[in-house]
Structure formats: structure tokens, C-alpha cells
1. Please return the longest stretch of the chain lacking exposed loop sites, where GluC sites (Glu not before Pro) count only if DSSP places them in a loop and at most 11 other Cβ atoms lie within 10 Å.
2. Quick check: net charge around Leu173, other residues with Cβ under 11 Å of its Cβ, Lys/Arg +1 and Asp/Glu -1?
3. Pairs Lys19/Lys129; Lys22/Lys87; Lys87/Lys161; Lys87/Lys109; Lys41/Lys129: which are spaced more than 30 Å apart, C-alpha to C-alpha?
4. Leu98: net charge of surrounding residues, Cβ under 12 Å, Lys/Arg +1, Asp/Glu -1, itself excluded?
5. Can you pull out the chymotrypsin sites (Phe, Trp or Tyr not before Pro) in region 32-115 that DSSP calls coil and that have at most 16 other Cβ atoms within 10 Å?
6. Compute the longest continuous run of the chain that contains no exposed trypsin sites (Lys or Arg not before Pro); treat a site as exposed when its DSSP state is not H, G, I, E or B and it has at most 14 other Cβ atoms within 10 Å.
7. Please state the shape class of region 25-123: rounded when a/c is under 1.5, otherwise prolate if a/b exceeds b/c and oblate if not, all from the C-alpha gyration tensor.
8. Count charges around Phe118 for me, please; just the other residues with Cβ under 12 Å from its Cβ, Lys/Arg as +1, Asp/Glu as -1.
Amino acid sequence: MLGAKMMELYLVGKILKAKGLKGEVKILPITDYPGSFLERKVFYVGKNEREAVRREALRGELRNGFAYLLFSGIECREEAEEAAGSKIYVSADALVPLPPDRAYLHELKGLKVLNESFEEVGVVHDVLKMPAHEVYEIQCEERTVLVPAIEEFVEEIVIEKGYMVLKRVEEFL
């Protein structure tokens with residue numbers, strides 16, 4: 001386990017199945033930076049964040065949009081098959097630094113949502129992945145509204161100050 005104090009972990013992938021006989025697993029990356037699977041050496045693997053166990057990547061490769069890793073502690077096909085369905089996490093210090101105009105989804109949750117007059121209308125509760133684009137789930141008093149996370153509606157996001165300004169947000173209220 002992670003120790004007495006729960007470490008904050010971030011989801012980066014999911015184990016789909018075993019590959020080969022020596023414990024290698026096929027992973028679906030859940031990140032804009034799949035190459036980071038080859039750069040990182042430490043991951044946390046488990047059915048959920050609470051059960052995640054620290055594992056070292058002994059070797060890996062990217063192929064056809066999937067990551068294939070061999071982890072310490074998963075040493076045969078049977079152990080790899082048991083790991084299928086597990087999630088792959090990293091600690092905050094292992095996150096890839098983002099350019100100034102990008103943010104991690106967890107950084108958006110909890111932001112105050114302001115209209116174009118800078119009046120607070122709600123708080124970002126979640127960011128949902130949809131087929132065409134992401135959608136902000138915003139808690140506005142007792143209602144939840146969904147606003148597309150596209151340039152047409154997003155005026156600005158200021159992570160450091162804890163807010164985002166949405167254009168035409170009244171259309172969703």
C-alpha cells in the first residue's frame with residue numbers, strides 16, 4: 001500500500017490484458033502523453049486508487065496506440081491476467097509539465113465559474129469526456145449544467161486564481 005498518509009494519485013492508464021508469458025501487460029493510455037509510459041519508472045497499479053501498489057516498470061514499448069509494460073511483481077502470465085482491469089496511476093511529481101495554455105482535468109475541478117461580467121454562476125464539479133470534446137459539469141446552486149469545453153464558450157481559464165470565465169453561460173442556466 002502507499003503508507004500511512006494517502007498519496008494523491010492520478011489515473012494515466014488501464015490494463016487491458018496479459019501479453020506473452022512473462023507478465024507483460026497491454027495498457028490503454030488515458031493521457032495526452034502516451035510517450036510518458038516509456039519515460040516513467042514508477043507506477044501505482046490497482047483496482048482503485050486506495051488499493052494501488054507501487055510497481056517499477058522494468059521495460060516497455062508503445063505500439064499502435066497502446067503501451068506494453070513489464071512491471072516488477074507481475075512475473076508470469078497468470079499474474080498479468082489477474083492484473084487485467086487494474087488502473088495505472090502516477091504520483092503528482094511524475095506528471096508531465098504542461099504548456100501554459102493547457103491544464104490537467106483535476107486542476108479544473110473546483111474552479112469558480114464566472115460569466116462575462118465576472119459574476120460567479122457556479123463551480124466546476126467534473127470534466128466529462130464525450131466523443132466530440134470534453135464537457136464541463138457545473139454545479140449552479142441546486143442545478144447541474146453541462147457546458148461544452150470549446151473555444152466558443154470558454155473565454156479564459158486562470159488556474160492560479162481559481163476561476164474560469166464562460167461566454168454565453170446564461171444559455172445553459
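Every read-out reported here was derived from the displayed coordinates using simple, explicitly stated rules and does not represent laboratory data. Keep in mind that this is a model prediction, so the values were computed, not measured. Using ideal geometry, Cβ is built from the backbone for each residue, glycine included, and neighbour counts are taken over all protein chains shown.
1. 9-118
2. Numbers: positive: Arg143, Arg168; negative: Glu141, Glu170, Glu171.
Counting the neighbours of Leu173, the net charge comes to -1.
3. Working: Lys19/Lys129 28 Å; Lys22/Lys87 20 Å; Lys87/Lys161 32 Å; Lys87/Lys109 21 Å; Lys41/Lys129 28 Å.
Violating the 30 Å Cα-Cα cut-off are Lys87/Lys161.
4. Here the charged neighbours net out to -2.
5. Details: sites: Phe37, Phe43, Tyr44, Phe66, Tyr68, Phe71, Tyr89, Tyr104; in loops: Tyr104.
In loop regions of region 32-115 (DSSP not H, G, I, E or B), the sparsely surrounded chymotrypsin sites (Phe, Trp or Tyr not before Pro) are Tyr104.
6. 110-167
7. Prolate.
8. Spelling it out: positives minus negatives among the neighbours equals -3.
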